[in-house]
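Take a look at the structure below.
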Amino acid sequence: MSNKISIELDRKIAPINHDIFGGFAEHLGRCIYGGIYEPDSPLAGKDGLRKDVLEALKRLNMPVMRYPGGNFVSGYRWRDAVGPKAERKARMELAWHDLEPNTFGTNEFVDFCRKINSEPYMAVNCGDGDMRDARDWLEYCNGTKDTHLVKLRKEHGYDAPHNIKFWSIGNEVDGPWQIGMKTPEEYARAYAEYAKVMKWTDPSIKLLAAAVSLWDKNWVERVQLLMEHANYFKPFTGNRDLIDYIAIHWYVGNDDRRGFANDDFASYMAISERFEDHISSTEGIIRAMSSALKLERDIPIAVDEWNVWYRVHNEGKLEEIYNLEDALVVAMHFNSFIRHAKTVKMANIAQIVNVIAPIYTKPDGMFLQTTFHPFEVYSKTCGSTALDVHWSGDTFSAEGKNGNRSLNGLRTLDVSATLDEAKKQLAVYIVNRTEDKASDVTINLQDGKFKGSGKQYIVNGSDVKAVNSFEQPDNVVTRESSISASGSSFSASLEPHSFTALVFDLA
Ligand code: AHR
C-alpha cells in the first residue's frame, strides 16, 4: 500500500509558538557544572561558559530556557548563588544528593541565555521555600525602583533589570519525590497566593502552574482546583489572570532498554499515542473548566519537561546515550506539538547538556547525540502556522508495552506540516515507523502549487539501535539535499526507521 498526505494550505490549525523549541537546564549531574559551565576546560571562555556547547546550543535555536530545576528548585536558595563568587555558599542539595557549589546562579544563567538568544524562564521554590523568597527573587531580577534588592543586583554588576518574563511556581509538586509535595488543594492554594504577590511585584510576567507530572487519579482535580482558585482571586488582584500556562511533564522510553521486555520497536513507536493522550486530555479539562468558569481567554499548555529518559548513570551521574529510535520519538513529539499548535504554546526538552540531553561533553570535547538532529531540523525549518493535514496508508499494531495498551491500526507514518507565509514555504515532517522497509508516500496539494525548488533533511542510521559517541560521532546525522517539486503532487520513498523533513518553496 502506498501512503498519501493531503494538504490544503488554507486548512490552518493555529499560529505556531516557537517556544515549543525551548530547553531546560537544571543543577543536576553534569548539566551546569561540566556541561554549560566548566572554567577549567580548555574549551571555556573567560566567563567559564563552554564555547563549543554555546555553539551547539545556538544551532538548536531555543527561544526559551527553563532553570534552575526541576526537583532541584524545591530546595533552592537563590541568594546563595549571587554576588562575589568567593562569598557564595556551597550546600548539600537534597533532590539529587549532590554538593551544590553555587558558583553558577541567576546572573550567570541570564548571561548564558543572552549568548544563545534564549529567554530565561525561572522556576521558584514552592517546596521548602516561601512566597516572600519568590517575590524577592523576582524583585532582584526585574525590579526598577530604588529598593534594597535592586541595589543588590546593581552591586552585583547588573544595572539594568533582567526583565525575566516567564516564571513557574514550583516543580512537579504532585510527586512524592519532591521536597514539599502538595495535594491538589494545597498546591492550588499555594499557587494562587504566590501568583498574587508575584503579579503584584511585576504585573508583566507570565506565570506557569506546575500542574501535572504524575498522571495519577488526581490529575484532573489538580487542574480543576488550580483554575478555580486562580479565578477566585482574579478580582482581588487588579483583575489579573494568575495562570498564564498550565504546565505538564512526561518522560518516555523503550521498555527493553529498561530491561523489562524483549525488544519491541513497534510498541515504542506507538508511544506517540501516550503523549497525544496527555495533550488532548489536558486540553479537554482546561476547556471544560474555562467553560464552567466563563473565562474569556484560552489558557495554553506548556510541556515544560519532556524527553526520552532511562535513568542511566555514568560514574554516578545521570547520563543517557540515545539511539536512533529515541531520535524518532523526539521527532514524534514535535509532530504532536505542531498538531496541537492551538494549545501547546511552549515545550522544553529536558534537558540540554549531558543529563537527558542532545549534547554530550567531556572536558576537552563533545559529540551530538542522535536526538540533537531532529531537534535542529524542526527548529530551523518550522513555519509560522500549523496545518491540519490528512494522511492515510499503511498501518501497524503494537503490543501493550511501554505503558501503552495494545493498539491496532496505527498509521505507519507520523506526520505534521507547517506553512511559512512570509517565505512561502511548506514544511512536511514525517517519521517512517517501519523497522525494515521503505514507505512510499505521495503528497498532494489541494490548493496552491509547488514552485520547483525545495530541500530534504533525513535523519537516519544503520539500524534503530545506532548511537553516536566520541569515537563515532556521525553514525546518526542529518543528510541535507535539494529536491524538486512542481505541480501539485510530490512522491518519495521514505527510508526505513527515518525522520524526513521536506521543505518546499510554493509558487
Ligand atoms: O529532568 C529531570 C527531573 O525530572 C526533573 O528534575 C524533575 O522535574 C523530573 O522528575
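Simple point charges give the picture: +1 on the Cβ of Lys and Arg, -1 on the Cβ of Asp and Glu, and for the chain a dipole about the Cα centre of about 1260 debye.
Using a probe of 1.4 angstrom and keeping all protein chains present, the accessible surface of the chain works out to 39 square angstrom per residue. Amide H contacts for K206 (H built 1.01 Å from N in the peptide plane; partners 5 or more residues away or on another chain; cut-off under 5 Å): F166, W167.
Please report, as a whole percent, how much of the solvent-accessible surface of region 3-386 comes from carbon and sulfur atoms (probe radius 1.4 Å). Carbon plus sulfur share of accessible area: 50 percent.
In the context of the full protein assembly, Y310 retains an accessible surface of approximately 20 Å², using a probe radius of 1.4 Å and ignoring ligands and nucleic acids.
Calculated mean residue ellipticity, 222 nm, the chain: -7500 deg cm²/dmol, from DSSP H runs (n ≥ 4) at -39500 (n - 2.57) each, averaged per residue and rounded to 500. Expressed per residue, the C-alpha convex hull volume of region 358-431 stands at 144 Å³. For region 288-423, the relative contact order comes to 23 percent (Cα pairs under 8 Å, sequence separation of at least 6).
Shape index of the chain: Rg/Rh, with Rg the Cα radius of gyration and Rh the Kirkwood radius from the inverse mean 1/r over Cα pairs, equals 0.97.
Based on Cα contacts under 8 Å between residues 6+ apart, region 115-247 shows a relative contact order of 26 percent. The value of relative contact order for the chain, using C-alpha pairs under 8 Å at least six residues apart, is 19 percent. The largest accessible area among E8, E172 belongs to the first residue in E8, E172, and the rest follow in falling order (1.4 Å probe, all chains). Taking amide H as placed 1.01 Å from N in the peptide plane, the amide H of S453 sits under 5 Å from that of A485, D505, each at least 5 places away or on another chain.
Taken as entire DSSP H runs, the helices of the chain that both span 20 Å or more between Cα atoms along their own long axis and average 0.5 or more on the Kyte-Doolittle scale are 324-339.
To the nearest 10 Å², what's L293's accessible area with a 1.4 Å probe? It works out to around 50 Å². Beyond 30 Å between alpha-carbons counts as too far, so tell me which of K85/K380; K165/K234; K199/K342; K85/K165; K46/K151; K51/K199 fall in that bin. Too far apart for the 30 Å limit: K85/K380; K51/K199. Above 18 Å, the calculated P(r) of region 101-220 contains 55 percent of its Cα-Cα pairs. Please sort by residue number the GluC sites (Glu not before Pro) in region 18-91 whose DSSP state is loop and whose Cβ has at most 10 other Cβ atoms within 10 Å. In loop regions of region 18-91 (DSSP not H, G, I, E or B), there are no sparsely surrounded GluC sites (Glu not before Pro). Residues E276, E471 ordered from highest to lowest accessible area at a 1.4 Å probe: E471, E276. Of all DSSP bridge pairs formed entirely within region 3-386, close to 30 percent run antiparallel.
The values are calculated or read from the model by the stated rules, or taken from the named source; none is laboratory data. What you see is a predicted model; the values in this text were computed from it and never measured. Every residue, glycine as well, gets a Cβ built from its backbone with ideal geometry; the counts of neighbours run over all protein chains shown. Ligands, DNA and RNA are excluded from the accessible area calculation, which covers all protein heavy atoms including side chains. Shrake-Rupley method; radii C 1.70, N 1.55, O 1.52, S 1.80 Å.
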